[in-house]
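A.B. asks: A single structure is presented below for examination.
The values are calculated or read from the model by the stated rules, or taken from the named source; none is laboratory data. The shown structure was predicted, so the numbers you read here are calculated from the model rather than taken from an experiment. Note that we place each Cβ from the backbone using ideal geometry, even for glycine, and neighbour counts take in every protein chain shown. Surface accessibility is based on the protein's heavy atoms, side chains included, excluding ligands, DNA and RNA. Shrake-Rupley method; radii C 1.70, N 1.55, O 1.52, S 1.80 Å.
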Amino acid sequence: MKQHDRRFYYLMVVTCTALWGTAYPAVRWLVMSGMDPYLIICLRVYSALLFALIAVIVSRSRVDFPAIRRNFLPYFLMAVTGSAGFMMLMTIGLEYTEAGKASFLAGSNPVLIVPLASLFLGEQFTLRKLAGVMIAVVGIGLTVIGGDIAAGSSLVFRPADIILLGAALLWAVYSLLTRAYGNRLPYFTGLALMFVCSGLVLLPLFFRVAPMMADLNGKQIFWLLYSGFVPGGIGFVTWNKGVNVLGASVCGTINSFMPVFATIFSMIFLGERMVWLQACGGALVVAGVCAALGHVRLPVNTETGAAWEEEPQAKANV
């Protein structure tokens, strides 16, 4: 694989974490505006489904129904863990927890993804990668603690925070499923199937909260569509592509950037201020990710079936 191609996929996943970073202040604002959390969950999933269906039509992706039937179960599990399950726990958690700390708890999944990817997928696991991940997690912690200092409060973990740790676990499982099964269907077709499954899972809940839609105002509708189309639709497309090409552990490590982006966007949209401790935390996150990925050996290229190092283009660029 050419060096510039590798950098493109790294940049894709970093962009994905930035998009997801905007979701935390957006959803936190929706909760604070008085919206029912369960209505937020349903409308985020259904707007993401709308994005996926539009993408299938515009891209003219081939819809292979026999392939969809063969792969329905893994995509259903991806829906339960990655879209419906993760979004549900994240939104409920944001009802009780500040956006910064929520992003730390839910964004701590690299600690889970890296060892699980090594155990179940055989991805490379080194002490350097572990050390880099731990440095990044310390940086995330400093970013969150700094946010509490800026707000004039102390870092207190409540029982409700376990919900967000559960979200991190679901996301780790989703990342492993994406790595193992996410390339069996065209990307937009697979994304649409996953959100269809998520929509079916949430349908009974949606029928209960649907009457509340009559009370939505224009600003709430805008942020719902934004969180569904951008962090939801575009974010999932770029993440799934990155995981399939770079591997779950590499993308999980890069995902350490997400709480830093969430802190920055919380400053912009929620008026939170930054202190020097948060800046130090962000610098540690960058250092930890760079240390973990410095000499990582990329996994098998799902587009060609060959290891990156074995491809003629990669050899020509050594």
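A.B. asks: Kindly report, to the nearest 10 Å², the accessible surface of Ile41 as traced by a 1.4 Å probe over protein heavy atoms only.
C.D. replies: 0
A.B. asks: Please give, to one decimal in nm, the separation of the simple spin-label points placed at Ala214 and Ser59, each 7 Å out from Cα toward the Cβ.
C.D. replies: About 3.9 nm, to one decimal.
A.B. asks: Still on this structure, please answer the following. Among 21-28, 200-207, what's the highest-first ranking by average C-beta atoms within 10 angstrom per residue?
C.D. replies: Taking the mean over residues of other Cβ atoms within 10 Å, the ranking is 21-28, 200-207.
A.B. asks: Need one value: the accessible area of Lys241 in square angstrom, 1.4 angstrom probe, rounded to the nearest 10.
C.D. replies: Accessible area of Lys241: about 40 Å².
A.B. asks: Going by a ≥ b ≥ c, the root eigenvalues of the Cα gyration tensor, does the range 12-74 fall in the rounded group (a/c under 1.5), the prolate group (a/b larger than b/c) or the oblate group?
C.D. replies: prolate
A.B. asks: Here's another thing I want to ask about it. Can you run phi through the Karplus equation (6.51, -1.76, 1.60; θ = phi - 60°) for the range 175-189 and list ³J(HN,Hα) in whole Hz, with x for Gly and Pro?
C.D. replies: The phi angles translate into 4, 5, 5, 5, 5, 7, 10, x, 9, 7, 10, x, 4, 5, 5 Hz.
A.B. asks: Working with all protein chains in place, sort Leu73, Leu165 by solvent-accessible area computed with a 1.4 Å probe, largest first.
C.D. replies: Values: Leu73 110, Leu165 85 Å².
Result of the area sort, largest leading: Leu73, Leu165.
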